[in-house]
Amino acid sequence: MPEIEQKPLRMLYFSIRSDVLEPPERLAERLGEIMGCSFHEGFHREETAALCTELLGMEIYLYEWRGRQNRRIYRFHGSQARDRFRSHVGKKGIECVRIDISDAIIDLLEAHGGGTWYRPTEADVDAEIAYANRILRSE
């Protein structure tokens, strides 16, 4: 019997930022209307208060953070829910391919009045990590 060719396991993700000055609940309501989902209070990585939802099999998080020059930003990101593909990841012969849909999310939000969003640069991410480290040191 011939072997069946394994297709790669495609997993969606996005990671975008905004400098919008708006209460998080109002922003989440607007983003939810555009994306067709509803946010609820929860946590990102069990420690950061966030507004959360699920869409297209992704866990999605929206929360305030600090970026370059300690500027207030919103982090908005999503990736496949941890448990959805756990039984497949790491199996012999199964390739996992991550598909970045950040640009599509930015375009969707901007086209429907969701504000201005951008992909974080390496400098942005470094500043966000530095902020996280400051939080950890202060605890």
Spin-label pair Glu25/His112, simplified geometry with 7 Å Cα→Cβ offset, distance in nm: 2.2
Net dipole in debye of the chain [+1 Lys, Arg Cβ; -1 Asp, Glu Cβ; about Cα centre; nearest 20]: 360
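Size of the dipole of region 94-139 about the Cα centre, Lys and Arg at +1 and Asp and Glu at -1 on the beta carbon, nothing else charged, in debye to 20? Before the final figure, lay out each step's value.
Working: 4 positive and 10 negative charges, 44 e Å.
With Lys and Arg at +1 and Asp and Glu at -1, about 220 debye.
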Residue-averaged 222 nm ellipticity for the chain, from DSSP H runs of 4+ at -39500 (n - 2.57), nearest 500: -9000 deg cm²/dmol
Please work out the Cα center distance from region 118-139 to region 1-66, rounded to the nearest Å. 19
Of the options Cys52, His40, Ala81, report the single residue whose Cα projects farthest towards the positive end of the charge dipole of the chain (beta-carbon charges: Lys, Arg +1; Asp, Glu -1). Ala81
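With the full set of protein chains in place, find how many percent of the accessible area of the chain is carbon and sulfur; take the probe as 1.4 Å. Present the calculation step by step, with values, prior to reporting the outcome.
Working: 4600 of 9140 Å².
That fraction is 50 percent.
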Average accessible surface area per residue within the chain, 1.4 Å rolling probe, Å²: 66
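Label the chain by shape, choosing from rounded, prolate and oblate, from the square roots a ≥ b ≥ c of the eigenvalues of the Cα gyration tensor; if a/c is under 1.5 it is rounded, and otherwise prolate applies when a/b is larger than b/c, oblate when it is not.
On the way: a/c = 2.03, a/b = 1.58, b/c = 1.29.
Prolate shape, in that a/c is at least 1.5 and a/b is the bigger ratio.
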If we sort 23-31, 119-127 on the protection proxy, mean other Cβ atoms within 10 Å, highest first, what's the order? 23-31, 119-127
Suppose we keep just the DSSP beta bridges with both residues in the chain; what percent of those would be antiparallel, to 5? 85
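The values are calculated or read from the model by the stated rules, or taken from the named source; none is laboratory data. In this text, all values refer to a predicted model and were calculated from it rather than measured experimentally. Cβ atoms come from the backbone with ideal geometry, glycine included; neighbour counts cover every protein chain shown. Calculation scope for accessible area: heavy atoms of the full protein, side chains included, ligands and nucleic acids excluded. Shrake-Rupley method; radii C 1.70, N 1.55, O 1.52, S 1.80 Å.
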